[in-house]
């Protein structure tokens, strides 16, 4: 088993065929509700913390698993960001992607924390990564509402409806996004961008940026 720390929020775990045999797990047919799968996952996270300092305590995580040709697999674990501080008094309107001031420019219109939403936000370190994701989403026929922002550190944020990364989820057709960027907490990101962000594209960001 090998750990590669990609950044403070993401780690890559390389498991050999022997590792999977020890866990009695078949990478080609994982049952995410199975007790053995959960045991393997938390055992791996414990070893990752001991080996690299990668700590998921207090975080929800996004998990991606890719079987390898030699019987093992590669596991990517991404931490979801912390929740928005209560003193920010934030509220959000994710369907419009619109940011408006209530008291100061930092104040956003956010939904109540108890409201359900299937919107997600991803952070990208470069414009090329953002564009690559938008092109691939467009090729897959993604047509839900999406908005893009840039912050003062020249990092890029993409808000997507219809994609939920709010917990431990299996792979789906959109899991490739995490190869380019990292999922962030929705409320925290809206609060942060209200202070430090600038809108690039509203509502149809994927369609617009996929043409670039």
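Just so it is clear, none of the values below were taken in a lab; they were calculated from the coordinates. Everything numeric in this text was worked out from a predicted model, so none of it was measured. When we count neighbours, we look across all protein chains shown, and the Cβ atoms used for this are built from the backbone with ideal geometry, even at glycine.
Only bridges with both residues in the stretch 120-212 count here: give the DSSP antiparallel percent, nearest 5.
Working: 17 of 18 bridges.
Bridges in the stretch 120-212 that DSSP calls antiparallel: roughly 95 percent.
Quick one: if you stick a label point 7 Å off each Cα along the C-beta vector at residue 12 and residue 212, how many nm between them?
Taking the two extended label points, one gets 2.6 nm.
Could you work out the mean projected area of the convex hull around the alpha carbons of the stretch 2-79, in square nanometres to one decimal?
4.8 nm²
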